[in-house]
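Engineer: Just dropping this structure here.
The values are calculated or read from the model by the stated rules, or taken from the named source; none is laboratory data. In this text, all values refer to a predicted model and were calculated from it rather than measured experimentally. Methodologically, a virtual Cβ is constructed for each residue, glycine included, from the backbone with ideal geometry; neighbour enumeration extends over all protein chains shown. Protein only, heavy atoms only, side chains kept; ligands, DNA and RNA dropped before computing areas. Shrake-Rupley method; radii C 1.70, N 1.55, O 1.52, S 1.80 Å.
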Amino acid sequence: MNSGHGAFGEYFLEYSLMSEYKLVAKQKLPGVYVIPSARTPLCWNGVIFIRQGLYQGGVFRLSLFIPEDFPDGGCPKLVFDPPVYHPLVNPNTGQLDVNRAFCKWRRNVNHIWQVLMYARRIFHKVETDNPLNTEAAILYEKDMDSYKRKIAECISLCQSVVFDPPPSDDAHSICFSDLDHVQFQHAKQTMCNFRMTQRDMQSFQDVPPGYSWVQPNSFRIFSQD
């Protein structure tokens, strides 16, 4: 794996992906949530929530596939499941045309958070040139009412399967469950009644920072308080 870096290739890849995930967390992309798979760090599970615009209400699951020679290889691949109705998304595979934004992946210039930001941006700025979904591009340009109906169907489908079990037994699959109103009210009441005393605040400030690691070659997280 990543043989271009010799005996240190595997550790270099691990460090690169750890750094990339830290950058994603630092960017705080609105409505975008991702987590590396428990099986392999080269696959990330994610979901995008769209809160305004034509795709408002969309809850779009995605998978991000990272090349083994990252960051010196090609661009990561992003796939929506179910496929999203959009000119830049393949209607059969759900793959987003990422290469149009990253024609050549440049190490230390391009980052995974930029791919995720691009995936979010396509729902707010629709481009129709060189589409992967020709029908969607034509409707967007010539029949907006029909395009909006197609979007509504797509959003409805994605919402209808959001509570379905994940397609794999990946421990890091993103799962959703129906709101338990009893638990919600309990949590709400706990937060509303919370009061931090001066003594509590001082105790909190006196706690030394902890340390965290990712176990080499496994990406198993463990920590010391």
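Engineer: Checking the condition under 21 Å from L29 (Cα atoms), open to solvent by 70 Å² or more (accessible area, probe 1.4 Å) and free of Cβ contacts under 8 Å to residues at least 40 places away in the same chain, which residue from K104, K77, K142 passes?
Structural biologist: After ruling out the rest, the residue left standing is K77.
Engineer: Could you tell me whether Y85 is open to solvent by 70 Å² or more (accessible area, probe 1.4 Å) and under 25 Å from I155 (Cβ atoms)?
Structural biologist: Taking the combined requirement at face value, the residue does not satisfy it.
Engineer: Looking at the stretch 129-155, which of its residues are under 19 Å from G58 (Cβ atoms) and more than 24 Å from the chain's Cα centre (by Cα)?
Structural biologist: Residues satisfying the conditions are E135, A137, L139, Y140, M144, D145, S146, Y147, K148, R149.
Engineer: I'm trying to understand the selection: among the residues of the stretch 49-74, which are surrounded by 16 or more Cβ atoms within 10 Å (Cβ to Cβ) and on the phi > 0 side of the Ramachandran plot?
Structural biologist: Scanning the stretch 49-74 gives no hits.
Engineer: Examine the stretch 56-73 for a residue that is in contact with a helix residue (DSSP H, G or I) (Cβ under 6 Å, 6 or more places away or on another chain), closer than 17 Å to Y147 by Cβ and part of a loop (DSSP other than H, G, I, E, B), and state whether such a residue exists.
Structural biologist: Checked against the condition, which is being in contact with a helix residue (DSSP H, G or I) (Cβ under 6 Å, 6 or more places away or on another chain), closer than 17 Å to Y147 by Cβ and part of a loop (DSSP other than H, G, I, E, B), the stretch 56-73 yields at least one hit.
Engineer: Enumerate the pairs (first residue in the stretch 146-163 and closer than 16 Å to G53 by Cβ; second residue anywhere and loosely packed, with under 14 Cβ neighbours inside 10 Å) with beta-carbon separation below 7 Å, excluding pairs fewer than 6 apart on the same chain, so at least 6 apart or on different chains.
Structural biologist: From the stretch 146-163, the pairs are C158/P82.
Engineer: Here's another thing I want to ask about it. For the stretch 88-98: of the residues being β-branched (V, I, T) and either outside any loop (DSSP other than H, G, I, E, B) or open to solvent by 70 Å² or more (accessible area, probe 1.4 Å) (or both), which is farthest from M117 (Cα to Cα)?
Structural biologist: This residue is T93.
Engineer: Could you grab the pairs with beta carbons closer than 6 Å, sequence gap of 6+ or different chains, first residue in the stretch 20-45 and within 19 Å of E68 (Cα to Cα), second one among the β-branched types (V, I, T) and surrounded by 17 or more Cβ atoms within 10 Å (Cβ to Cβ)?
Structural biologist: Here the result reads E20/I112; L42/I66; W44/V34, each pair linking the stretch 20-45 to a residue that is among the β-branched types (V, I, T) and surrounded by 17 or more Cβ atoms within 10 Å (Cβ to Cβ).
Engineer: Just give me the residues in the stretch 145-161 being touching a strand residue (DSSP E or B) at 6+ places or on another chain (Cβ under 7 Å) and surrounded by 15 or more Cβ atoms within 10 Å (Cβ to Cβ), in sequence order.
Structural biologist: C158
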